[in-house]
Protein chains: 2
Amino acid sequence: MPTGSGHTKAILASKVQGTPVYNTTGQKIGEVEDVVLDKTTDRIMFAALGFGGVLGIGEKYAAVPWSMLDYQPDRGGYVVPMSEDVIKKAPTYDLDDLTNDDGQIREASYTYYNVPRSQ
Amino acid sequence: MPTGSGHTKAILASKVQGTPVYNTTGQKIGEVEDVVLDKTTDRIMFAALGFGGVLGIGEKYAAVPWSMLDYQPDRGGYVVPMSEDVIKKAPTYDLDDLTNDDGQIREASYTYYNVPRSQ
(Lines give C-alpha, C1' and ligand atoms only; values in the text may rest on other atoms or scores of the structure.)
Protein backbone atom coordinates (compact mmCIF):
# COMPACT_ATOMS: atom_id res chain seq x y z
CA MET A 1 0.00 0.00 0.00
CA PRO A 2 1.40 3.42 -0.87
CA THR A 3 2.16 6.05 1.74
CA GLY A 4 0.28 9.33 1.89
CA SER A 5 2.47 10.75 -0.85
CA GLY A 6 1.54 7.89 -3.14
CA HIS A 7 4.69 5.85 -2.67
CA THR A 8 5.44 2.61 -0.99
CA LYS A 9 7.83 2.44 1.92
CA ALA A 10 10.46 0.17 0.42
CA ILE A 11 13.47 1.23 -1.60
CA LEU A 12 16.53 -0.65 -2.79
CA ALA A 13 19.81 0.66 -1.40
CA SER A 14 21.18 0.59 -4.94
CA LYS A 15 18.48 3.07 -6.01
CA VAL A 16 19.54 5.52 -3.34
CA GLN A 17 23.20 5.51 -4.26
CA GLY A 18 24.03 8.25 -6.74
CA THR A 19 20.74 10.09 -6.29
CA PRO A 20 21.16 13.87 -6.40
CA VAL A 21 20.42 15.99 -3.36
CA TYR A 22 18.94 19.48 -3.51
CA ASN A 23 18.37 22.18 -0.94
CA THR A 24 14.91 23.65 -0.46
CA THR A 25 15.58 26.38 -2.99
CA GLY A 26 16.23 23.80 -5.70
CA GLN A 27 20.01 24.10 -5.81
CA LYS A 28 21.90 20.85 -6.21
CA ILE A 29 24.19 20.41 -3.22
CA GLY A 30 25.56 16.95 -3.86
CA GLU A 31 24.52 13.36 -4.10
CA VAL A 32 24.06 10.29 -1.96
CA GLU A 33 27.28 8.35 -2.17
CA ASP A 34 26.16 5.44 -0.04
CA VAL A 35 24.01 4.39 2.88
CA VAL A 36 25.70 3.30 6.10
CA LEU A 37 24.00 0.40 7.86
CA ASP A 38 24.32 -0.94 11.38
CA LYS A 39 25.45 -4.57 11.35
CA THR A 40 24.24 -5.25 14.87
CA THR A 41 20.71 -3.89 14.62
CA ASP A 42 18.38 -3.34 11.69
CA ARG A 43 18.98 0.41 11.74
CA ILE A 44 20.10 2.62 8.93
CA MET A 45 22.89 4.67 10.52
CA PHE A 46 22.82 7.58 8.07
CA ALA A 47 23.33 8.54 4.45
CA ALA A 48 26.79 9.51 3.24
CA LEU A 49 26.38 12.67 1.18
CA GLY A 50 29.08 13.86 -1.16
CA PHE A 51 29.10 17.64 -1.38
CA GLY A 52 31.47 18.01 -4.31
CA GLY A 53 34.95 16.70 -4.94
CA VAL A 54 36.28 15.95 -8.39
CA LEU A 55 35.61 12.38 -9.52
CA GLY A 56 35.45 11.43 -5.88
CA ILE A 57 39.16 12.15 -5.39
CA GLY A 58 39.78 13.24 -1.87
CA GLU A 59 36.07 13.67 -1.43
CA LYS A 60 34.70 13.78 2.07
CA TYR A 61 31.19 12.90 3.04
CA ALA A 62 28.68 14.33 5.41
CA ALA A 63 26.75 11.89 7.60
CA VAL A 64 23.13 12.91 7.24
CA PRO A 65 20.24 11.36 9.17
CA TRP A 66 18.16 9.15 6.89
CA SER A 67 14.98 10.92 7.94
CA MET A 68 16.25 14.18 6.40
CA LEU A 69 16.12 12.76 2.88
CA ASP A 70 12.79 13.61 1.31
CA TYR A 71 12.50 12.16 -2.17
CA GLN A 72 10.72 14.44 -4.62
CA PRO A 73 9.87 12.62 -7.83
CA ASP A 74 9.43 15.82 -9.86
CA ARG A 75 13.04 16.75 -9.05
CA GLY A 76 14.32 13.21 -9.38
CA GLY A 77 16.23 13.62 -6.18
CA TYR A 78 16.20 14.23 -2.47
CA VAL A 79 15.47 17.58 -0.93
CA VAL A 80 17.06 18.27 2.43
CA PRO A 81 16.16 21.26 4.56
CA MET A 82 19.67 22.63 5.13
CA SER A 83 20.84 26.19 4.90
CA GLU A 84 24.03 26.96 3.00
CA ASP A 85 25.71 27.71 6.29
CA VAL A 86 24.79 24.32 7.72
CA ILE A 87 26.14 22.59 4.62
CA LYS A 88 29.38 24.58 4.63
CA LYS A 89 30.11 23.83 8.27
CA ALA A 90 28.92 20.22 8.19
CA PRO A 91 31.35 17.72 9.71
CA THR A 92 32.72 15.53 6.94
CA TYR A 93 34.49 12.22 6.96
CA ASP A 94 36.17 9.91 4.54
CA LEU A 95 34.53 6.57 3.83
CA ASP A 96 36.97 4.72 6.08
CA ASP A 97 35.98 6.91 9.00
CA LEU A 98 32.34 6.14 8.34
CA THR A 99 32.86 2.40 8.46
CA ASN A 100 35.27 2.48 11.38
CA ASP A 101 32.57 3.86 13.52
CA ASP A 102 30.40 2.46 16.21
CA GLY A 103 27.55 4.90 16.34
CA GLN A 104 29.29 8.10 17.43
CA ILE A 105 28.95 9.64 13.97
CA ARG A 106 25.26 8.85 13.93
CA GLU A 107 24.87 10.56 17.29
CA ALA A 108 26.86 13.54 16.05
CA SER A 109 24.70 13.79 12.94
CA TYR A 110 21.47 13.96 14.94
CA THR A 111 22.97 16.71 17.05
CA TYR A 112 24.48 18.74 14.22
CA TYR A 113 21.38 18.65 11.99
CA ASN A 114 19.09 18.93 14.99
CA VAL A 115 17.01 15.94 14.00
CA PRO A 116 15.09 13.81 16.51
CA ARG A 117 16.69 10.47 17.21
CA SER A 118 14.57 7.74 15.74
CA GLN A 119 12.65 5.43 18.01
CA MET B 1 35.11 0.89 18.89
CA PRO B 2 34.89 -2.66 17.59
CA THR B 3 32.16 -5.08 18.62
CA GLY B 4 32.92 -8.26 20.52
CA SER B 5 33.91 -10.00 17.31
CA GLY B 6 36.48 -7.29 16.63
CA HIS B 7 34.47 -5.34 14.10
CA THR B 8 32.76 -2.03 14.13
CA LYS B 9 29.03 -1.74 13.68
CA ALA B 10 28.96 0.30 10.50
CA ILE B 11 28.98 -1.02 6.97
CA LEU B 12 28.39 0.64 3.61
CA ALA B 13 25.40 -0.70 1.72
CA SER B 14 27.64 -0.96 -1.36
CA LYS B 15 29.89 -3.38 0.51
CA VAL B 16 26.97 -5.67 1.25
CA GLN B 17 25.76 -5.88 -2.33
CA GLY B 18 27.27 -8.83 -4.15
CA THR B 19 28.60 -10.50 -1.02
CA PRO B 20 28.32 -14.30 -1.16
CA VAL B 21 26.08 -16.15 1.27
CA TYR B 22 26.87 -19.59 2.68
CA ASN B 23 24.91 -22.04 4.76
CA THR B 24 26.31 -23.33 8.01
CA THR B 25 27.99 -26.29 6.28
CA GLY B 26 29.99 -23.93 4.09
CA GLN B 27 28.03 -24.38 0.89
CA LYS B 28 27.47 -21.26 -1.16
CA ILE B 29 23.75 -20.70 -1.49
CA GLY B 30 23.67 -17.33 -3.22
CA GLU B 31 24.58 -13.73 -2.76
CA VAL B 32 23.17 -10.51 -1.45
CA GLU B 33 21.66 -8.70 -4.40
CA ASP B 34 20.61 -5.62 -2.54
CA VAL B 35 19.38 -4.26 0.76
CA VAL B 36 15.82 -3.00 1.01
CA LEU B 37 15.36 0.08 3.17
CA ASP B 38 12.29 1.66 4.70
CA LYS B 39 11.86 5.23 3.47
CA THR B 40 9.58 6.20 6.33
CA THR B 41 11.65 4.99 9.26
CA ASP B 42 15.37 4.32 9.69
CA ARG B 43 14.84 0.56 9.49
CA ILE B 44 16.49 -1.89 7.19
CA MET B 45 13.57 -3.94 5.85
CA PHE B 46 15.54 -7.01 4.80
CA ALA B 47 18.26 -8.25 2.49
CA ALA B 48 17.35 -9.45 -0.98
CA LEU B 49 19.19 -12.74 -1.52
CA GLY B 50 19.62 -14.20 -4.97
CA PHE B 51 19.65 -18.00 -4.82
CA GLY B 52 20.78 -18.68 -8.36
CA GLY B 53 19.49 -17.53 -11.71
CA VAL B 54 21.68 -17.15 -14.76
CA LEU B 55 23.16 -13.68 -15.09
CA GLY B 56 20.27 -12.40 -13.05
CA ILE B 57 17.81 -13.24 -15.83
CA GLY B 58 14.47 -14.09 -14.35
CA GLU B 59 16.06 -14.33 -10.97
CA LYS B 60 13.87 -14.12 -7.94
CA TYR B 61 14.98 -13.02 -4.53
CA ALA B 62 14.31 -14.17 -1.04
CA ALA B 63 13.63 -11.49 1.57
CA VAL B 64 15.85 -12.40 4.49
CA PRO B 65 15.87 -10.60 7.85
CA TRP B 66 18.99 -8.48 8.21
CA SER B 67 19.78 -10.05 11.56
CA MET B 68 20.24 -13.46 9.91
CA LEU B 69 23.32 -12.29 8.02
CA ASP B 70 26.42 -13.12 10.02
CA TYR B 71 29.56 -11.92 8.27
CA GLN B 72 32.48 -14.29 8.61
CA PRO B 73 35.70 -12.68 7.47
CA ASP B 74 37.51 -15.99 6.96
CA ARG B 75 34.85 -17.02 4.45
CA GLY B 76 34.56 -13.57 2.92
CA GLY B 77 30.83 -13.82 3.08
CA TYR B 78 27.72 -14.15 5.16
CA VAL B 79 26.68 -17.34 6.85
CA VAL B 80 22.97 -17.86 7.38
CA PRO B 81 21.53 -20.64 9.50
CA MET B 82 19.10 -22.08 6.95
CA SER B 83 18.50 -25.70 6.10
CA GLU B 84 18.35 -26.73 2.46
CA ASP B 85 14.64 -27.31 2.89
CA VAL B 86 14.07 -23.81 4.19
CA ILE B 87 16.00 -22.36 1.27
CA LYS B 88 14.15 -24.45 -1.31
CA LYS B 89 10.74 -23.47 0.00
CA ALA B 90 11.60 -19.84 0.69
CA PRO B 91 9.13 -17.34 -0.71
CA THR B 92 10.80 -15.42 -3.52
CA TYR B 93 9.95 -12.18 -5.23
CA ASP B 94 11.16 -10.13 -8.11
CA LEU B 95 12.77 -6.77 -7.36
CA ASP B 96 9.64 -4.87 -8.34
CA ASP B 97 7.63 -6.81 -5.78
CA LEU B 98 10.20 -5.95 -3.14
CA THR B 99 9.96 -2.23 -3.79
CA ASN B 100 6.20 -2.19 -4.24
CA ASP B 101 5.83 -3.31 -0.71
CA ASP B 102 4.80 -1.62 2.44
CA GLY B 103 6.16 -3.91 5.10
CA GLN B 104 4.16 -7.09 4.46
CA ILE B 105 7.18 -8.87 3.00
CA ARG B 106 9.25 -7.93 6.03
CA GLU B 107 6.58 -9.38 8.28
CA ALA B 108 6.42 -12.53 6.16
CA SER B 109 10.20 -12.92 6.31
CA TYR B 110 10.26 -12.81 10.12
CA THR B 111 7.57 -15.45 10.19
CA TYR B 112 9.03 -17.74 7.54
CA TYR B 113 12.57 -17.72 8.93
CA ASN B 114 11.31 -17.69 12.51
CA VAL B 115 13.38 -14.68 13.47
CA PRO B 116 12.39 -12.30 16.27
CA ARG B 117 11.09 -8.97 15.07
CA SER B 118 13.59 -6.28 15.85
CA GLN B 119 12.78 -3.69 18.49
Next on the checklist: Springs between alpha-carbon pairs under 10 angstrom, Gaussian network model over chain A: which of A:44, A:29, A:11 fluctuates most?
Outcome noted: A:11
Item to check | Estimated vicinal HN-Hα couplings, Hz - the range A:77-90 in sequence order (Karplus 6.51, -1.76, 1.60; Gly, Pro = x) | outcome: x, 8, 10, 10, x, 10, 6, 4, 5, 4, 5, 4, 9, 4
Next on the checklist: Just to be sure I understand the model, the point goes 7 Å from the Cα along the line to the Cβ. What's the resulting residue B:24 to residue A:102 distance in nm?
Outcome noted: 2.9 nm
Next on the checklist: Give me a comma-separated list of calculated 3J(HN,Hα) values for the range B:23-38, in order, Karplus coefficients 6.51, -1.76, 1.60 applied at θ = phi - 60°, integers in Hz, x for any Gly or Pro.
Outcome noted: 8, 5, 8, x, 7, 6, 10, x, 8, 6, 7, 6, 10, 9, 10, 8
Checklist entry - Ordered by residue, what ³J(HN,Hα) values in Hz, to whole numbers, does the range B:109-116 give under the Karplus form 6.51 cos²θ - 1.76 cosθ + 1.60, where θ = phi - 60° and Gly and Pro are x? => result 5, 4, 5, 4, 8, 6, 10, x
Item to check | For residue A:45, residues with placed amide H under 5 Å, excluding near neighbours | outcome: A:36, A:37, A:38
Next on the checklist: Taking each residue in A:92-104, count the Cβ atoms of any other chain within 10 Å of its Cβ, then average. What number comes out?
Outcome noted: 3
Next on the checklist: Assume the label is 7 Å from Cα along Cα to beta carbon: what separations in nm does residue B:108 have to the matching positions in the other copies?
Outcome noted: 4.2
Next on the checklist: Using only protein heavy atoms and a 1.4 Å probe, how much accessible area in total is buried between B and A, to the nearest 100 Å²?
Outcome noted: 3300 Å²
Checklist entry - Closest approach to the B-A rotation axis by any Cβ of B: residue and distance in angstrom? => result B:13, 2
Checklist entry - Using bins 10 angstrom wide from zero, how does P(r) for the protein assembly as shown break down, in % of all Cα pairs? => result 7, 32, 35, 20, 5, 0
Checklist entry - Under a straight-distance cross-link criterion of Cα-Cα below 29 Å, which lysines are reachable from residue A:88, leaving out those fewer than 8 residues away in the same chain? => result A:15, A:28, A:60, B:9, B:15, B:39
Item to check | Averaged over B:16-23, number of beta-carbon atoms from partner chains that fall within 10 Å | outcome: 1
Item to check | Among B:25, B:92, B:40, residue whose mean-square fluctuation peaks in a GNM of chain B (springs only between Cα atoms under 10 Å) | outcome: B:40
Checklist entry - Normalised by the residues of chain A, what does the relative contact order come to in percent, with Cα pairs under 8 Å and at least six apart? => result 20 percent
Next on the checklist: Which of the three applies to chain A, rounded, prolate or oblate, going by the alpha-carbon gyration tensor with a ≥ b ≥ c and a/c under 1.5 meaning rounded?
Outcome noted: rounded
Checklist entry - In percent, what relative contact order does the range B:55-119 have, based on Cα pairs under 8 Å that are 6 or more apart in sequence? => result 41 percent
Checklist outcome for this item: Given backbone amide H placed at 1.01 Å from N, residues whose amide H is under 5 Å from that of residue A:22, ignoring those fewer than 5 places away on the same chain, are A:29, A:78, A:79, A:80
Checklist outcome for this item: If one builds a Gaussian network model of chain A from Cα atoms under 10 Å apart, the most fluctuating residue listed among A:83, A:109, A:67 is A:83
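The values are calculated or read from the model by the stated rules, or taken from the named source; none is laboratory data. Note that the structure is a prediction, hence the values are computed from the model and not measured. Counting neighbours? That spans all protein chains shown, and the Cβs are built from the backbone with ideal geometry, glycine included. Accessible surface areas use protein heavy atoms only, side chains included; no ligands, DNA or RNA. Shrake-Rupley method; radii C 1.70, N 1.55, O 1.52, S 1.80 Å.
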